[in-house]
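Have a look at the structure below before the remarks.
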Amino acid sequence: MRYYFLALGALAVVCMGCSGLSGTSGTTALKSTQHVAPPPAMLQHPGPMVDGPGPGVLGILAQPAAHSAAAAHAAGGMSTQVTFQGQAGMSVGWVSNGLLARNQKFVPGRADFGQGAIYQLVLSDIPGEGWEGVSLYPTLEVRAADPNTAAYLEHNVVPLELTEDDLLHVSSNNMITKVIYLPDPEHQARAIAGVETLVSTTLDPGVDPIQQAERLGTIMLVLRLGNKEMHFDDVQMVPQPDGSVQPVSMILDGFNNEHAPPTPIGLIPGHMGGVPGAMVAAAGAPGAPLPISGVGPTPVWGSPTSGTPIGLPGPPHLPLGGPAGLQSHTIRNLTQNRMPEPVDHLLIDVEHSPGYSMPEPVRHIQYSEKHPVYAPGDVSVPAGR
Amino acid sequence: MKQPVFNGILLFLVALTCGRTLAQDLAGSFQPLNDRLPPGYNAEILRRVRERDPNWLQPVRVDLPTTGNVAVHNGESAATATGPAPAQFAASPGYLYRLHISDLPEFPGVSFYPSVELLDRLHPPTGLEHQFPVPIVLTEADLQAAAEGLLVTRIIYLENPRLAASADPLKGDLPLSGEQQRNAVAVASELGRPMAIIRLGSRQPAVEGTTAGFFGNGGQVGPSNPSGEATGFARMSPVGQIRRVAAER
């Protein structure tokens, strides 16, 4: 009887394997059948500085010309639509090509702003006591679309609300930073995506709303509002073709049907192309000549354009999302200095949970066909064929 | 006496470890497509990977809660086709299109611009192509959520015949709403073959000039008119419930 139950227990262990034992350490335990895809941003770029979709199995046909946010942004076409909410009747204007365009939109109204830039707004006709004749000059930072926010920005208008509390803080000489972001899926409570707003005045002292928002999602707008008075010249003397100098108004007013689109007063450095563009893994259409490294516009293959010690440019690592192969990274400093010894072994532990889990690549394909064999007279023709 | 007990335990263990359901099998597959990729990206990849008949135009039918007007854009600000709901048109798979929904009695003065990312095609019997359109059903709840500033994403899939025999989405046997954390295309792939991604929000075309790609990326659009009695697709009832047309006939 003892061996009877021993055999039964052994059979149970064999049948169930170690599935019941895994998952006891940490939170990254995945079943062998569960896979975790990289985030959308990485799906668009198989490797560091290598472009193209997916795990690189699409070969020469890969590289969608993309109606992607990045492609559209590169073409200068992506814009973010903003709706102004809160103070009903308040007028919104902006700086357009050096001119101050007042009263362009009225709350609730909406306007489009090109992405990756900073705009100077002017808020006038603010309702409430004490705001008569007062204008506020906030700046609006419009972040470029990210793969996480591209779908939202292409389909939704981003709400920008100015509340009574905001005005109260401004009148008390406080600066407000208002961050509108799209929460990451794990930080969203419901299945339908919606934006969230972080305001500096509602956070604990020392907490940066931008850093906080970047932890929770992807930033789309940053509004910075204070009570500084901006002095725009009402009239400027402009030389005329005939040599004379005439006064020209530098103010556009929507009430006079003078409308102008907002233009940036500055670009966001991260979106100015400071990072070299990604290298296409396999470019060109079928039949077209392949790009040759170092010839023509094709950059030299393998040039160290990556700033990270392990992010070497080169062929995409397969399977996508797998760990880098570097086992050790050592820098020896042999300079004769009377200084403390530099760190000779650098260890950086990084971990995110759950880690990528990709299926094994296909190793074996077996294909067989069976054709029916009929004797004369066996084949029946379907009616009507 | 003990032999039947042993056999029963053994059978239970084998069933416990080997008795995987279809959904479990499908849940383990890897889905490189993702609804959170930028609009048009999934369709573009599928268009390049799958060798389809380039002349095939997939009929698509747009259903609104009650009445309304539907216009189809395939890359230009001028509509390619316009008609009252339920409106039907045909379009090339693998492209992104933009609809203009207007004249809704439930939302007076409000227009919606949902996008349709057509991923795949159907294979209906020859001559009956227009009787089996891809149904795009926009419910009043969807439109209300969009008007409130939310982004509604719907994945339309052709149900897996192995599941269709026992599960009916209209009866709630299949999930009609996925978790936000999950890839919606992967969820749809577990239940069938994803046909289209519908994204609905509150954004309007820019007054000063349209955003590049807002109206789609150039797929071909043609007419599609069902001849004869249309059957087999879902339709909105006046109270906003989805019902199956064929089931009531």
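Tabulated results
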| read-out | value |
| --- | --- |
| Residues that are in contact with a Ser or Thr (Cβ under 9 Å, 6 or more places away or on another chain) and farther than 25 Å from A:Asn156 by Cα, drawn from the stretch A:196-213 | A:Thr201, A:Val207, A:Asp208 |
| Set B:Leu119, B:Leu104, B:Leu57: member being open to solvent by less than 30 Å² (accessible area, probe 1.4 Å) and within 17 Å of the chain's Cα centre (by Cα) | B:Leu119 |
| Whichever residue in the stretch A:228-251 is open to solvent by 80 Å² or more (accessible area, probe 1.4 Å) and within 17 Å of A:Met175 (Cβ to Cβ) and, among such residues, is modelled with the lowest pLDDT | A:Glu229 |
| Residue in the stretch A:201-222 that is within 14 Å of chain B (Cβ to nearest Cβ), crowded, with 22+ Cβ neighbours inside 10 Å, touching an Asp or Glu at 6+ places or on another chain (Cβ under 7 Å) and closer than 30 Å to B:Phe215 by Cβ present | yes |
| 1 or more residues modelled with pLDDT of 85 or more: qualifying helices (runs of 4 or more DSSP H) within the stretch B:127-205 | B:140-147, B:184-191 |
| Qualifying residue in the stretch A:168-175 (condition: open to solvent by less than 50 Å² (accessible area, probe 1.4 Å), assigned to a helix (DSSP H, G or I) and within 11 Å of chain B (Cβ to nearest Cβ)) | no |
| Extreme residue, nearest to the other protein chains (Cβ to nearest Cβ), among residues of the stretch B:136-151 that are under 12 Å from the mean Cα position of the chain (by Cα) and buried (at least 21 other Cβ atoms within 10 Å of the Cβ) | B:Leu138 |
| Looking only at the stretch B:219-239, and only at residues there that are at pLDDT 85 or above and out of contact with any helix residue (DSSP H, G or I) (no Cβ under 6 Å at 6 or more places or on another chain), the one that is nearest to the other protein chains (Cβ to nearest Cβ) | B:Gly219 |
| Subset tally (residues that are among the small types (Gly, Ala, Ser), within 15 Å of B:Asn225 (Cβ to Cβ) and outside any strand (DSSP E or B)) for the stretch B:47-84 | 0 |
| Residue count for the stretch A:179-200, restricted to those that are open to solvent by 40 Å² or more (accessible area, probe 1.4 Å) and at pLDDT 85 or above | 2 |
| Number of positions in the stretch A:135-156 that are assigned to a loop (DSSP other than H, G, I, E, B) and either under 24 Å from A:Ile251 (Cα atoms) or open to solvent by 10 Å² or more (accessible area, probe 1.4 Å) (or both) | 9 |
| Test: B:Tyr95 is within 14 Å of another protein chain (Cβ to nearest Cβ), crowded, with 24+ Cβ neighbours inside 10 Å and within 23 Å of A:Pro147 (Cβ to Cβ) | no |
| Residue among A:Glu132, A:Glu161 that alone is more than 21 Å from B:Glu148 (Cα to Cα) and open to solvent by 20 Å² or more (accessible area, probe 1.4 Å) | A:Glu132 |
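Yes or no, residue by residue, for (1) within 14 Å of chain B (Cβ to nearest Cβ); (2) aliphatic (A, V, I, L, M):
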site: A:Val82; (1), (2): yes, yes
site: A:Met90; (1), (2): no, yes
site: A:Ala111; (1), (2): yes, yes
site: A:Leu123; (1), (2): no, yes
site: A:Leu136; (1), (2): no, yes
site: A:Pro147; (1), (2): yes, no
site: A:Leu153; (1), (2): yes, yes
site: A:Asn156; (1), (2): yes, no
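The values are calculated or read from the model by the stated rules, or taken from the named source; none is laboratory data. Just so it is clear, the model here is predicted, and its values are computed rather than measured. Cβ: placed from backbone, ideal geometry, glycine included. Neighbour counts: every protein chain shown. Quick note on the areas: whole protein, heavy atoms, side chains included, nothing else; ligands and nucleic acids left out. Shrake-Rupley method; radii C 1.70, N 1.55, O 1.52, S 1.80 Å.
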